[in-house]
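Q: Just passing along the structure, written as structure tokens.
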There are 2 protein chains.
Amino acid sequence: MNKIITISREFGSGGRTIGRETAKKLNIPCYDQELIEKVQKESGFTKEYIDKNGENASTSILNSMFGTTFGRDIVWTSQCKVISRLAEEGPCVIVGRCADYVLREKAELLKVFIHASYEKRAERIVTLYGESDTAIEKRIKEKDKRRSAYYKYYTEIEYGDARNYDVALDSGKLGIEKCVEIITDLYKN
Amino acid sequence: MNKIITISREFGSGGRTIGRETAKKLNIPCYDQELIEKVQKESGFTKEYIDKNGENASTSILNSMFGTTFGRDIVWTSQCKVISRLAEEGPCVIVGRCADYVLREKAELLKVFIHASYEKRAERIVTLYGESDTAIEKRIKEKDKRRSAYYKYYTEIEYGDARNYDVALDSGKLGIEKCVEIITDLYKN
């Protein structure tokens, strides 16, 4: 079984950057957006369809008991297949997509959760993504809600519960660089 | 404000050992049982009274709306005072007792949560404390329940939620020594 780092992260916490930097240090690939693209290619879905039915699906869709869950389940199944195949190919970092759950019996995992205070995340989103700070609060709350609902729906695990991860870090408090250092060191040892 | 490490921990996760080893490395004091003794001396309570009304209070007492909460609130108030005084005295490690919450505005905190799988904890308790493994499962579950209820009652924070801590570590997976190393390094930097 390959050694895989899975990174769950709060929106705006820098989890994707941490994943990329860690992968670079370890000289292994990092999958995030690329993963979505692979899913798309493999399944013939459009990007819009995946966005609507994937991790960022609106909670009203997630809560629906009717027809709308169909698209989501197809995207989920396809996504599980891609993640499993990537994990078989070799050591890597996978950001998001419930990879920790999908690979729980298929790889040797280092399960990471990255979070940060609301203030630090808002700051990061405004600075890095150049978004206006007027609607930031609503956007962060909505994203948090969606990820949490999505995670719970498919994994039955409480999103953000420390006990689901080998290591959980506050990137706002510790800094991106220190997080990368800790994860890299844990992976090597 | 002094730099304080607070360690919340699951029963049997080795959190107390990690606290002590970290404190030794940093050459600062570590308070756990000693803290209880200080509370006792200061308040005139007996050890039995504190055991009954402190962190290990049974959940039936915690849920009670009547007279029995009285003893617990007195122990809590006294405990808060002792923790605050210790934090004023100088840098230290404090294990348990909701110190992260008590000191949230009174010290520069490094908030740590230590957890481990049920199996690893049972193994540790049987090996280190010499307890029989027949009643271990019930004991761990009961302790988890009590700590969680106690924490929530006084802090309104969800026990074990990664977002309440700067760093959360699985001591069963990473090992006691690695946890000490990470915390020591984070404290120094």
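Q: Hey, does the stretch A:26-44 have a residue that's in a helix (DSSP H, G or I) and at pLDDT 75 or above?
A: Yes, the stretch A:26-44 has at least one match.
Q: Condition first: in contact with a strand residue (DSSP E or B) (Cβ under 8 Å, 6 or more places away or on another chain) and over 24 Å from A:Asn53 (Cβ atoms). Can you find one or more residues in the stretch A:126-141 that meet it?
A: no
Q: Would you point out the residue of the stretch B:70-111, among those that are within 22 Å of B:Asp144 (Cα to Cα) and basic (Lys, Arg), that is modelled with the lowest pLDDT?
A: B:Arg72
Q: What is the one condition in (1) closer than 26 Å to A:Pro91 by Cα; (2) under 16 Å from the mean Cα position of the chain (by Cα); (3) facing chain B (nearest Cβ under 9 Å) that A:Lys178 does not satisfy?
A: (2)
Q: While we're on this one: Quick check on my filter: what residues within the stretch B:102-139 are part of a helix (DSSP H, G or I) and over 29 Å from B:Thr184 (Cβ atoms)?
A: Of everything in the stretch B:102-139, those that are part of a helix (DSSP H, G or I) and over 29 Å from B:Thr184 (Cβ atoms) turn out to be B:Ile136, B:Glu137, B:Lys138, B:Arg139.
Q: Being more than 7 Å from every other protein chain (Cβ to nearest Cβ), touching a helix residue (DSSP H, G or I) at 6+ places or on another chain (Cβ under 8 Å) and among the basic types (Lys, Arg) is the requirement here; does A:Lys188 meet it?
A: When the stated conditions are applied, A:Lys188 passes them.
Q: Would you check if there is a residue in the stretch A:98-108 being among the hydrophobic types (A, V, I, L, M, F, W, C) and facing chain B (nearest Cβ under 10 Å)?
A: For the stretch A:98-108, residues among the hydrophobic types (A, V, I, L, M, F, W, C) and facing chain B (nearest Cβ under 10 Å): absent.
Q: Would you confirm, using the coordinates I've provided, whether A:Ile157 is at pLDDT below 90, in contact with a Gly (Cβ under 9 Å, 6 or more places away or on another chain), of a type in the set (A, V, I, L, M, F, W, C) and over 15 Å from A:His115 (Cα atoms)?
A: So A:Ile157 does not fit the description; no.
Q: Any idea which of (1) farther than 21 Å from A:Glu158 by Cβ; (2) within 14 Å of chain A (Cβ to nearest Cβ) is the one B:Gly130 doesn't satisfy?
A: Every condition holds for B:Gly130 apart from (2).
Q: Looking at the structure I just gave you, is A:Gly14 modelled with pLDDT of 85 or more, out of contact with any strand residue (DSSP E or B) (no Cβ under 6 Å at 6 or more places or on another chain) and over 20 Å from A:Ser78 (Cβ atoms)?
A: yes
Q: Being facing chain B (nearest Cβ under 9 Å), in a helix (DSSP H, G or I) and touching a helix residue (DSSP H, G or I) at 6+ places or on another chain (Cβ under 8 Å) is the filter here; which residues of the stretch A:140-171 pass it?
A: Within the stretch A:140-171, A:Ala162, A:Asn164 qualify.
The values are calculated or read from the model by the stated rules, or taken from the named source; none is laboratory data. Note that the coordinates shown come from a computational prediction; the quantities given were computed from them, not determined experimentally. Using ideal geometry, Cβ is built from the backbone for each residue, glycine included, and neighbour counts are taken over all protein chains shown.
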